1. With unit charges on the beta carbon (Lys/Arg positive, Asp/Glu negative), name the residue among Leu77, Ala64, Thr44 whose Cα is farthest towards the positive pole of the charge dipole of segment 13-97.
2. Would you calculate the separation in nanometres between label points at Glu61 and Ala75, each defined as 7 Å from the Cα along the Cα-to-beta-carbon direction?
3. To the nearest whole percent, what portion of all C-alpha pairs in the chain is separated by more than 15 angstrom?
4. How far apart, in nanometres, would the label points at Glu34 and Lys11 be if each is projected 7 angstrom from Cα along the Cα-to-Cβ direction?
5. Could you work out how far the C-alpha centroid of segment 25-81 sits from that of segment 1-17, in angstrom?
6. Could you give the size of the charge dipole of the chain about its Cα centre, using +1 on the Cβ of each K and R and -1 on the Cβ of each D and E, expressed in debye and rounded to the nearest 20?
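Read-outs throughout are calculated quantities, based only on the coordinates presented, and are distinct from any laboratory measurement. As the structure is a prediction and not an experimental result, all values here were calculated from the model. Glycine gets a Cβ as well: all are built from the backbone with ideal geometry, and neighbour counts include every protein chain shown.
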Amino acid sequence: MTYWEQECGEKSLQQKIIDITNNKDVSIMSDEKELFRVLKRHLTRKELHAFCMKEGGKSSEAIAERVSVKEEDVALLLRKAERKLTNAKVTNEIFVKKED
């Protein structure tokens, strides 16, 4: 079970990444476990855990305690994680180009 599944249950990682990238010209790989592996390769442990916990509905205080940062630094971690998700290095791995 991935950390995403532990924190978010049935929530779709694929749908969340589609919401973040907001790109209608491409589709995202459908294998949730492979998608999580891509995130695991590109995000730091703290960024990944903060991202998953936020999507699971955890408070900033709980996230700060889990990843060992100050509560005011949680927002910075989340911004870094979302910025990396839109980075070309990551999107090249997760996007599947549509045929015209």
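1. Positive-end residue among those listed: Thr44.
2. Here the modelled spin labels are 1.8 nm apart.
3. Working: 2958 of 4950 pairs.
It works out to 60 percent of all Cα pairs.
4. Placing both labels 7 Å along Cα→Cβ, they lie 2.4 nm apart.
5. Taking the Cα centre of segment 1-17 as reference, the centre of segment 25-81 is 11 Å away.
6. 360
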